[in-house]
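Nothing in this text is a laboratory measurement; each read-out follows from the coordinates by a stated rule. Keep in mind the model is a prediction, meaning the values are calculated, not measured. Cβ: placed from backbone, ideal geometry, glycine included. Neighbour counts: every protein chain shown.
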Amino acid sequence: MEVRSTSVQPRCTPLSARLRASLLLTLVLGVWCGQALEMITGKIPYLEAVNGSTVLLPCKYASCVGIQDLFFRWSFNDTDPSNRLCEAVIKDEYTEPREVHIFKDRVELVGSTKAPDQNVSILLYNITFEDGGVYTCYGKNPKEKGRFHNATFTLVVVDELKVVDNSLGILIASCVGGFIGLLVCYALIKNLTLFIIAKLDEKNKECLVTSSGIDNTENGLSGSKSTPKPTPKKA
């Protein structure tokens with residue numbers, strides 16, 4: 001009896017199927033990331049302020065899918081609840097929070113949380129050197145299964161603001177401006193000189209033509225006609 005051995009060949013997934021699966025996964029991840037809540041503290045999340053002044057700590061939220069019972073919180077230096085500054089819940093984009101909890105003195109929530117502002121910035125009054133540090137603006141949107149998002153803002157408190165020395169910039173700007181002015185003056189003088197020379201040349205040509213015509217007529221040269229004098233009759 002003859003026994004036949006059979007080998008099982010591994011099945012390879014077609015390249016097109018793999019490509020479709022990769023594109024689908026990328027699309028899903030892209031849509032999810034695009035829908036994510038974003039907390040924004042500005043293009044320059046840094047501020048240097050004088051001791052005793054009032055500063056604005058900016059923060060806005062944005063979400064492509066909208067919000068529902070959005071929870072936000074401001075905290076100072078870390079996520080410890082004891083360092084909370086304020087927190088509230090925003091029902092949707094078109095309502096203000098019913099209640100804002102303020103945990104520190106000299107803190108006030110400003111701006112409108114309604115669209116299109118979507119502003120959850122705070123004012124910090126009469127700052128001291130102890131107020132210098134990193135402030136974090138948190139947000140959690142239940143539509144995203146409770147994921148936390150945050151942005152930070154750094155505050156530096158100083159005795160007085162540094163005076164920026166702009167002398168080098170002013171010197172460079174003056175040199176560049178003076179050079180450009182010289183080029184403009186040179187161009188104007190050159191054009192004026194060329195214009196005057198052209199006018200003088202035209203005048204000289206007119207004078208030469210005029211004088212040449214007068215000489216030819218008086219001297220009876222070719223091109224000119226002279227009238228012969230009659231012969232006097234004898235008496």
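Once the Cβ-Cβ distance between residue 92 and residue 162 is put in as r, and R0 is 35 Å, what FRET efficiency do you end up with, to the nearest 0.05?
The pair residue 92/residue 162 has a calculated efficiency of 0.20.
Averaged across orientations, what area in nm² does the convex hull of the alpha carbons in segment 51-183 project?
Its average projected convex-hull area is 12.2 nm².
Do the alpha carbons of any pairs in 114/140; 60/143; 104/145; 60/91; 104/162 sit beyond 23 Å of each other, and which pairs?
Where the Cα-Cα span goes over 23 Å, the pairs concerned are 104/145; 104/162.
Against the empirical 2.2 N^0.38 Å scaling, what ratio does the C-alpha Rg of segment 80-156 come to?
My calculation over the Cα atoms of segment 80-156 gives 1.17.
Name the residues whose placed amide hydrogens come within less than 5 Å of the amide hydrogen of residue 86, ignoring near sequence neighbours (fewer than 5 apart) on the same chain.
74, 103
Hey, fewest Cβ within 10 Å first, where do 61, 94 land in order?
Ordered by Cβ neighbours within 10 Å, fewest first: 94, 61.
Using alpha carbon centroids, what distance separates segment 136-201 and segment 68-133, in Å?
Here the two parts' Cα centres lie 35 Å apart.
Rank by packing, highest mean first: peptides 176-186, 65-75, with packing defined as the count of other Cβ atoms within 10 Å averaged across residues.
Highest-to-lowest ranking by the protection proxy: 65-75, 176-186.
Which value in nm describes the separation of the simple spin-label points at residue 205 and residue 48, placed 7 Å from the Cα toward the beta carbon?
6.8
Using a/c under 1.5 as the rounded threshold, could you call segment 108-152 rounded, prolate or oblate? The axes a ≥ b ≥ c are square roots of the C-alpha gyration tensor eigenvalues, and prolate needs a/b larger than b/c, oblate otherwise.
Oblate is the answer for segment 108-152, as a/c is 1.5 or above yet b/c matches or exceeds a/b.
Provide the per-residue ³J(HN,Hα) series for segment 49-66, in order, calculated from phi with Karplus coefficients 6.51, -1.76, 1.60 and θ = phi - 60°, each as a whole number of Hz, with x at glycine and proline positions.
10, 7, 3, x, 8, 10, 10, 9, 9, x, 6, 10, 10, 8, 8, 6, 9, x
So how much slack lies between residue 175 and residue 36, counting 0.36 nm per residue of separation and subtracting their Cα-Cα distance, in nm?
The span from residue 175 to residue 36 would gain 45.0 nm if fully extended.
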